[in-house]
1. Mind listing which chymotrypsin sites (Phe, Trp or Tyr not before Pro) in region 17-73 are in a DSSP loop and have 12 or fewer other Cβ atoms within 10 Å?
2. Cα extents of the chain along the three principal axes, largest first, in whole Å?
3. Can you tell me the dipole magnitude for the chain around its Cα centre, using point charges on the Cβ only (Lys, Arg +1; Asp, Glu -1), in Debye to the nearest 20?
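What follows is calculated from the coordinates using simple rules that are stated; it is not laboratory data. In this text, all values refer to a predicted model and were calculated from it rather than measured experimentally. Note that we place each Cβ from the backbone using ideal geometry, even for glycine, and neighbour counts take in every protein chain shown.
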Amino acid sequence: WSEVYFTDAAENKKYSGLRDTAGAWLGQGDTKSYKPGEQQAMWMKFPAPPDTSTRITFVFPGFAPFEDLPIAP
């Protein structure tokens, strides 16, 4: 999970996932290598970007970045 993050071009900042007070990630799912056609539902909680942000780039290791994703307040 430590390599999953999003960036905000408006603030030029990297946002990592959130952790609880014990240090556990606020997310669910296995991090593993995927074969073509495999699927898995996963989720992870992130801090909200500033209200000035309208687009982000989401990074998940092993996949091309999801660039210029629109977001709304």
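1. TYR34, PHE63
2. Result, largest extent first: 37, 33, 18 Å.
3. 140 debye
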